[in-house]
Amino acid sequence: GFSDHAALGNEEWNPWEGEEKNELVASQQRYEANLKMIKNARSHLEQTSLRVQIWGKAAIGLYLWQHIFGGPLQPADGTAQWREGSQKAGKTYFSFITGPSVVPGYFSVEAENIVLVLNGREKAKIAYATQWLHYAQTLIQTHKIQRVAVVMLGNEQCNNEWIQPYLKRNGGFVNLLFVTYDYALVNEEDVFQWPLGVATYRNFPVVEPSWSMLHDPRTYLCNFLGTVYKNSSRETLMEILKQDGFDKLCWIGAREQWQPQETNESFKNYQDALLQSDLTLCPVGINTECYRIYEACSYGSLPVIEDVMTPGDCGNSSMYHSAPLQLLKTMGAPFIFIKNWKELPAVLEKEKKMNLQEKIQRRKKLIEWYQNFKAWMRQKFINTLENSFLPGDKG
């Protein structure tokens, strides 16, 4: 309304015109000063929010993005060369990129903070992961980015020594490490345990619980589809199932060799087995933690876990003392833990006597626990990044 006021003043002579003009100029200046203040405050607000770009160069990145964050990905086609999505969460704006076309130096770096998702499971993967770390290091040295966190599929026997020199506390540049399995160096300060999750490399989907999944009677007491290694506890498991005729009441698909290549048919079979059985048997492999645990939770089939430590360097950390599966136990996972498969017949006998209503309650509890677990991991991940990456009150 300032200009209207000024125009009026010109129409008829006004002895106060000079003072009004001054007042007008002064109020215009106050208005502009206020505007500047608001702009500053707003940009200050925007500064306190974080921009984080996640480079998903290992399949567990999809578990982080699609399962834990519930984040979108375009295109939906899992075989696409390039896929991306974004989401605002907490004070942070996350963007996610993945696919074979995401190659160091050939995509735009769009945030000062990077989460690098790497596979450190074996030598060839480590060589590839190291290239990504060197690329990130160059970006830090040239001030293109400021901070780096790593989410890593660790080695199944927890020998992750190769990543150590890259950690900030050892003179490197990686601020935070989220790593799978019971890694003894987890300290909840800069090294955190991360869930293995479902086998996203085999395109295991995000499962939405349905009414029938919760309420329908299931055909089988239990299931185990997997490889039975010579002289392993899995052989013992097979013998015990046969002894008491439980193999007739359970969906058992044992093979002698591991098959990395899943066919559509074998995968559908596996999903049906989870959906059609009340319990999913989880014998140890190279590590006690396996994809099967999380996949069973997705379908409301209760994991029965062989709760024994596997050989190697995994074990108790300064934070947790309940290895194996420290993270799941700390989070109160409502699973059945057994030390020896000889305990299984008693578990299955009890199962036979359970009525449908009891099973429905248990399924609801399991699915609700799993959803809460993912939500908690998401919140913890965001909080950890914000606490570490946001400047300001560390008091």
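Largest GNM mean-square fluctuation among L64, L167, L279, using the chain with Cα springs under 10 Å: L167.
For the chain, what does -39500 (n - 2.57) per DSSP helix run (n ≥ 4), summed and divided by total residues, give at 222 nm, in deg cm²/dmol to the nearest 500? Please list the in-between numbers first.
Working: 10 runs with 147 residues, N = 395.
The per-residue figure over the chain is -12000 deg cm²/dmol.
Largest GNM mean-square fluctuation among A111, A323, A254, using the chain with Cα springs under 10 Å: A254.
In this structure, the amide hydrogen of F337, modeled 1.01 Å from its nitrogen in the peptide plane, lies closer than 5 angstrom to those of I305, counting only residues at least 5 positions away or on a different chain.
For the range 185-289, rounded, prolate or oblate, judged on the Cα gyration tensor with a ≥ b ≥ c (square roots of eigenvalues), a/c < 1.5 rounded, else prolate if a/b > b/c? The shape class here is oblate. For helix 123-141, report the angle its Cα long axis makes with the longest principal axis of the Cα atoms of the chain; keep it between 0 and 90° and round to the nearest 10°. That works out to roughly 10 degrees.
What's the carbon and sulfur percent of the chain's accessible surface, probe 1.4 angstrom, rounded to a whole number? Mind showing how you got there, number by number?
Working: 10580 of 20110 Å².
Summing carbon and sulfur atoms, their accessible area is 53 percent of the total for the chain.
In square angstrom, what is the accessible area per residue of the range 272-362 with a 1.4 angstrom probe?
38
Which chymotrypsin sites (Phe, Trp or Tyr not before Pro) does the range 222-285 hold that lie in a coil by DSSP with at most 16 other beta carbons within 10 Å? Here the chymotrypsin sites (Phe, Trp or Tyr not before Pro) that fit, given the DSSP loop and packing criteria, are Y229, W258.
Of K350, K57, K329, the residue with the greatest mean-square motion in the GNM of the chain, using alpha carbon springs below 10 Å, is K350. What net charge do the residues around V150 carry, taking every other residue with its C-beta under 12 Å from that of V150, with Lys and Arg at +1 and Asp and Glu at -1? It works out to a net charge of +2. Can you give the angle from 0 to 90° between the axis of helix 264-276 and the longest principal axis of the chain, with both taken from C-alpha atoms, to the nearest 10? With both axes taken from Cα atoms, the answer is about 80 degrees. The calculated Kirkwood hydrodynamic radius for the chain is 24.2 Å, given to one decimal from all distinct C-alpha pairs. For the range 202-372, the extents of the C-alpha atoms along the principal axes are 42, 35, 35 Å, listed from largest to smallest.
Considering Cα pairs under 8 angstrom that are at least six residues apart, work out the relative contact order of the range 46-180 and quote it in whole percent. Kindly include the intermediate steps, with their values, before the conclusion.
Working: 223 pairs, mean separation 31.3, N = 135.
23 percent.
Of all DSSP beta bridges in the range 46-180, what percent run antiparallel (nearest 5)?
Values: 8 of 33 bridges.
Rounded to the nearest five, the antiparallel share is 25 percent.
In the full protein context, the range 46-180 carries 43 Å² of accessible surface per residue, based on a 1.4 Å probe and ignoring ligands, DNA and RNA. Once backbone amide H atoms are built at 1.01 Å from N, L118 has V151, M152, L153 as its partners under 5 Å, excluding neighbours fewer than 5 places away on the same chain.
Could you work out the relative contact order of the chain, using alpha carbon pairs under 8 angstrom and six or more residues apart, expressed as a whole percent?
After rounding, I find 15 percent.
If you line up the long axis of helix 344-353 against the longest principal axis of the chain, both from Cα atoms, how many degrees apart are they, to the nearest 10? Computed tilt is about 80 degrees.
By the rule of a second cysteine Cβ within less than 4.7 angstrom, the chain holds isolated cysteines at C282, C290, C297.
The values are calculated or read from the model by the stated rules, or taken from the named source; none is laboratory data. Quick caveat: nothing in here was measured; it's all calculated off a predicted structure. Note that we place each Cβ from the backbone using ideal geometry, even for glycine, and neighbour counts take in every protein chain shown. Accessible surface areas use protein heavy atoms only, side chains included; no ligands, DNA or RNA. Shrake-Rupley method; radii C 1.70, N 1.55, O 1.52, S 1.80 Å.
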